Amino acid sequence: MRSIFYVTTPIYYVNDNPHIGHAYTTILADVLARYHRNEGDEVFFLTGLDEHGQKVQQAAQKRGVPEQQHCDELAPRFSNLWKKLEIQNDDFIRTTEPRHVKAVQAALQKVYDAGDVYVDEYEGWYSVAEERFITDTEKDSGHFRDVKRLKERNYFFKMSKYQERLIDHINAHPGFIQPEHRRNEILGFLRQPLGDLCISRPKARMNWGIEIPFDKDYVTYVWFDALINYITVPGYVDDPKKFKKWWPASIHLIGKDILTTHAVYWPTMLFSLGLPLPKTIFAHGWWLIGETKMSKSLGNVIDPLSLVDQYGVDPVRYYLMREMVLGQDANFTMESFIKRYNSDLANDFGNLLNRVSGLIGKYFNSCVPKEGKAGAAEQPIHDAADGLAKKIEELINAMRVHEALEQVLVLIRNTNVYMEHQAPWKEAKTNLDRAGTILYTATEALRISAILLLPVIPAKAQTVLEILGASGTEPEWGKLKAGTKLKSHAALFPRLDAEGKVITKT
Ligand code: MSP
């Protein structure tokens, strides 16, 4: 049966250029979406931009342009990067769009009508420079300028009312917050009494946001606005049929720093709205740059665009998916990038293609030979290739993407070793049928590997399938037809030197 798979990324603040962290989550969502599409599931993949709030307002002010103009000018930097990265998202939400404003206001009204909103005066230390309330400890630290005592009237969402229900839900649904250590972190957080959430900002202080439908002097807090995007697009206010089909989301992919907003604020908001909770919230770790945090001030921000321009999209996608163990932090270094590229893509995958196409060219006039009488030597390759799709499916569903890739690479490596041992170039001299069997076996393992790599390296895997003249994308053994004419090709992944430059043969 076709299942429904609705996957989301966080919506990114339009305050700067997208960096490798943003690219990572978006590629991960794309990989999952492609796997599920290839399996025949119905997929909806949503990404977009968070355009309201103080961060974006300040970025616009810094550039000296009105907020909306700022957003309109920066949005293409994200959408263009996604095109370059071969991202196949089904929609792209921008929170300043009317469809979203409508959904946020409807949600605010619903929460208000449910009796879950109250007005309160809050008095505390307010930093004019930071434009936010600070704690007593923060004030005492002396790090904040222009601190004054401020009393402010605001709207609060009764988050505390749903604390027990949320704990029960987490306990009853072990897969709701993943990985497990993040789930424990949230359960730990929920052991303390949960406060209520301030969901308004007086326009007099901050006006770049969505107006609260029950008080025109206020806009809503940027997180109340942003989280709603996940229901705006599948039709929360305007398309009940579509909404019923897609909601709840199968998985919200997020970074570990935005876990509380997703695993506490969002579920309590959904409880109040009377809507089911997403099936899974998955928090991945951070990309560190050679073990330090990536930051503008350190000048170590990795620009995904220049990487893609230099190495092509597939190596970037492959590296990010292969190198990060989902849930843990990972280190980005050019050394490890070059190493992965050379070992997995150039030496293992690229080399297998070169060998089979070269030998089939030489001994079989570039036509796939007959499988013939496969024997004991072929059995392990045959079995591993035939069972691989099932294994990959399990690993992807368990969010072990790096292991899924490793499994494909194991087959590719073993096939190279098999070729080495069986030496079809020697057999060809005395027993052409035997050489044909070996080359068929290796080519079929390559075809199945390419199919299973399609979600991660869509362009190059497709190229391999075209070279092999493979018509479908069935990962089962024996679909490669004898007699198929192979196409000539250039090196799939030309090797890189230690500086990352392509090594050209002279
Ligand atoms: N706008 C909010 C999200 C709202 S979702 C309803 C936001 N935006 S953000 O642009 O600041 O960050 C978006 C995502 O980028 C977060 O998931 C964050 O974890 C991720 N990353 C930022 N730096 C990162 C790395 N160095 N590595 C991996 N991901 C990182 O928060």
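Note on GLU39, GLU164, GLU67: ascending count of other Cβ atoms within 10 Å places them as GLU164, GLU39, GLU67, the fewest first.
Under the criterion of Cα pairs below 8 Å and six or more residues apart, the relative contact order for the chain equals 14 percent. When only the Cβ of Lys, Arg, Asp and Glu is charged (+1, +1, -1, -1), the dipole of segment 334-506 relative to its Cα centre reaches about 640 debye. The string of couplings for segment 95-102 from the Karplus curve (6.51, -1.76, 1.60, θ = phi - 60°) is 6, 8, 5, x, 4, 7, 4, 4 Hz, one whole number per residue in order, with x for Gly and Pro.
Under a straight-distance cross-link criterion of Cα-Cα below 19 Å, which lysines are reachable from LYS429, leaving out those fewer than 8 residues away in the same chain? LYS429 reaches LYS362, LYS370, LYS373. From the Kirkwood radius over Cα pairs of segment 80-228, Stokes-Einstein at 37 °C and 0.692 mPa s returns a whole-number translational diffusion coefficient of 180 µm²/s.
The Cα center of segment 233-268 and the Cα center of segment 337-359 differ in position by 41 Å. Take 172-181, 14-23 and order them by the average number of nearby Cβ atoms within 10 Å per residue, most first; the result is 14-23, 172-181.
Rg of the Cα atoms in segment 325-398, relative to 2.2 N^0.38 Å, amounts to 1.56. Remark on segment 379-463: Rg and Dmax equal 14.3, 48 Å (Cα only). Summing +1 for each Lys or Arg and -1 for each Asp or Glu among the other residues whose beta-carbon sits under 13 angstrom from that of ASP50 gives -3. Put simply, the convex hull of the Cα atoms in segment 334-506 casts, on average, a shadow of 10.4 nm².
Which number comes out as Rg/Rh for the chain once both Rg and the Kirkwood Rh are worked out on C-alpha atoms? In the chain, Rg relative to Rh is 1.05.
Pairs exceeding a 26 Å alpha-carbon distance, out of LYS151/LYS203; LYS293/LYS460; LYS55/LYS139: LYS293/LYS460. Hey, which aspartates and glutamates would be in cross-link range of LYS426, C-alpha to C-alpha under 20 Å, not counting anything within fewer than 8 residues on its own chain? Within reach: GLU371, GLU378. Rounded to the nearest Hz, the phi-derived 3J(HN,Hα) couplings of segment 488-495 under the Karplus curve 6.51 cos²θ - 1.76 cosθ + 1.60 (θ = phi - 60°) are 6, 7, 8, 4, 5, 10, x, 4, where x marks glycine and proline. Each Lys and Arg Cβ is given +1 and each Asp and Glu Cβ -1; about its Cα centre, the chain then shows a dipole of about 1080 debye. Taking the centroid of alpha carbons for each part, segment 321-336 and segment 285-305 are 12 Å apart. Ordered by the number of other Cβ atoms lying within 10 Å of each residue's own Cβ, fewest first, ARG447, ARG191, ARG205 fall into the sequence ARG191, ARG205, ARG447. Under 5 Å between amide hydrogens, built in the peptide plane, is the criterion, and for ILE281 it picks out ILE177, GLN178, HIS252 among residues at least 5 positions away or on other chains.
Cross-link reach is defined here as a Cα-Cα straight distance under 15 Å, omitting same-chain residues fewer than 8 places apart; for LYS244 the aspartates and glutamates meeting it are GLU42.
For the chain, the share of DSSP beta bridges that are antiparallel, to the nearest 5, is 50%.
Backbone amide hydrogens, once placed in the peptide plane, bring SER200 within less than 5 Å of TYR155, TYR221, excluding anything fewer than 5 places away on its chain. Ranking ALA442, PRO278, TYR12 by how far each Cα lies toward the positive end of the dipole of the chain (charges on Cβ) leaves ALA442 at the top.
For segment 95-171, the equivalent ellipsoid derived from the Cα gyration tensor has semi-axes of 30, 19, 14 Å, listed largest first.
Would you mind pulling out the separation of the Cα centroids of segment 392-442 and segment 120-198, in Å? If you average the Cα positions of each part, the centres end up 54 Å apart.
Taking all Cα pairs closer than 8 Å and separated by 6 or more residues, the relative contact order of segment 374-506 comes to 22 percent. Given Cα pairs under 8 Å that are at least 6 residues apart, what percent is the relative contact order of segment 46-143? Contact order relative to length: 27 percent.
Any read-out appearing in this document is the output of simple, stated calculations on the displayed coordinates, not a laboratory observation. These numbers come from a predicted model, not from an experiment. All Cβ positions, even for glycine, are placed from backbone atoms using ideal geometry, and neighbour counts span all protein chains on display.
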